[in-house]
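S.K.: Pasting in a structure now, in structure tokens, and then I'll have a few things to ask.
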Amino acid sequence: MGIKFNLHTFETERNFDYLTISSDGRQLARLSGAYSNRTYISSENSVIIRFTSDRSVTKSGFNLTFVEYMAVVTTASSCGFNAVATSTSQPITSPGYPNNYPNNADCTWTITASDGMRVQLNLIRFVTESSYDYLTISSDGTQLARNSGIYSNRIYTSIGNILTLRFTSDRSVTRTGFNATFVVCHDKWVIIILIMYCRSLSHNNTRINNTSIILWI
Ligand SMILES: [Ca+2]
């Protein structure tokens with residue numbers, strides 16, 4: 001049985017007065033500044049909450065409640081999917097997003113584009129427990145990324161026409177996870193060369209021959 005914390009209001013002197021929540025020797029949160037309505041979950045049944053303020057400037061502090069929490073175990077069969085990438089952007093998120101993902105998650109997504117096309121993933125927001133909860137992005141047997149921590153607005157393009165994502169979380173400490181979109185994109189630059197043969201412009205004696213226009217789409 002774990003513990004779930006709901007931090008209703010929080011206001012301290014930023015960078016000087018802190019609230020830290022620790023469990024099993026690991027820090028779930030270290031807060032300073034102003035926040036509201038945040039949730040933290042520990043899978044352990046013992047948690048240390050420590051509040052420290054420095055020698056000057058005080059604020060209203062925090063208001064926090066906690067309840068017992070039964071960890072939810074998510075398996076690969078209950079999250080992830082297989083999808084076909086199209087020209088329409090489609091969403092893909094960690095389980096429960098924008099709420100925290102569960103502990104022990106193991107989700108796999110396989111996104112396929114038509115032959116000769118590629119899959120482009122736009123990782124819009126990404127927040128996981130650094131060094132413990134990972135999103136691995138692979139294509140054609142190559143690992144493109146193994147993300148953990150906090151990122152935003154990263155773009156990944158498959159090597160072949162299949163992109164595979166695998167999200168794993170360990171047994172404690174969860175965050176909001178990730179929010180991404182995927183779309184099909186062209187395998188390579190398509191070059192269109194238009195050769196224009198223009199006649200002499202009699203009125204000003206300007207002559208344009210074999211003009212080439214190159215477009216990338
Ligand atoms: Ca974790």
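S.K.: Kindly indicate whether any position in the stretch 57-76 is among the small types (G, A, S) and at pLDDT 95 or above.
M.R.: First pass over the stretch 57-76, keeping only residues among the small types (G, A, S): 60-61, 71, 76.
In the following step, the residues that additionally are at pLDDT 95 or above were identified as 60-61.
For the stretch 57-76, residues among the small types (G, A, S) and at pLDDT 95 or above: present.
Quick grid of which residues meet (1) assigned by TED's automatic domain parsing to the domain that holds V84; (2) of a type outside the set (A, V, I, L, M, F, W, C); (3) within 16 Å of the ligand (Cβ to nearest atom):
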position	(1), (2), (3)
N99	yes, yes, yes
T108	yes, yes, no
T136	yes, yes, yes
Y151	yes, yes, no
I162	yes, no, no
D170	yes, yes, yes
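S.K.: Is it true that A113 is at pLDDT below 90, under 19 Å from the mean Cα position of the chain (by Cα) and not basic (K, R)? Talk me through it step by step, then tell me what you get.
M.R.: Numbers: at pLDDT below 90: yes; under 19 Å from the mean Cα position of the chain (by Cα): no; not basic (K, R): yes.
No: the conditions fail for A113.
S.K.: Give the residue that is surrounded by the most Cβ atoms within 10 Å (Cβ to Cβ), with candidates limited to residues of the stretch 117-134 that are under 30 Å from S23 (Cα atoms) and more than 16 Å from the ligand (Cβ to nearest atom).
M.R.: Kept after step one, since they are under 30 Å from S23 (Cα atoms), are these residues of the stretch 117-134: 123-134.
Imposing the further condition that a residue be more than 16 Å from the ligand (Cβ to nearest atom) reduces the set to 123-125.
Values: L123: 22, I124: 16, R125: 16.
Among those residues, the one meeting the criterion is L123.
S.K.: Within the stretch 97-108, track down each residue that is surrounded by fewer than 21 Cβ atoms within 10 Å (Cβ to Cβ) and either in contact with a Phe, Trp or Tyr (Cβ under 8 Å, 6 or more places away or on another chain) or closer than 14 Å to F81 by Cβ (or both).
M.R.: Once the filter is applied, which keeps residues that are surrounded by fewer than 21 Cβ atoms within 10 Å (Cβ to Cβ) and either in contact with a Phe, Trp or Tyr (Cβ under 8 Å, 6 or more places away or on another chain) or closer than 14 Å to F81 by Cβ (or both), the stretch 97-108 yields Y97, D106, T108.
S.K.: I've got another one for you. Regarding the stretch 104-118, can at least one residue be identified that is under 23 Å from L28 (Cα atoms) and assigned to a loop (DSSP other than H, G, I, E, B)?
M.R.: Within the stretch 104-118, one or more residues are under 23 Å from L28 (Cα atoms) and assigned to a loop (DSSP other than H, G, I, E, B).
S.K.: Right, another one. If you scan the stretch 1-25, which residues turn out to be in a strand (DSSP E or B) and aliphatic (A, V, I, L, M)? Reasoning before the result, please.
M.R.: The first filter runs over the stretch 1-25 and keeps only residues in a strand (DSSP E or B), leaving 2-11, 18-23.
Once the filter is applied, which keeps residues that are in a strand (DSSP E or B) and aliphatic (A, V, I, L, M), the stretch 1-25 yields I3, L7, L19, I21.
The values are calculated or read from the model by the stated rules, or taken from the named source; none is laboratory data. Fair warning: this is a prediction, and the values are worked out from it, not measured in the lab. All Cβ positions, even for glycine, are placed from backbone atoms using ideal geometry, and neighbour counts span all protein chains on display.
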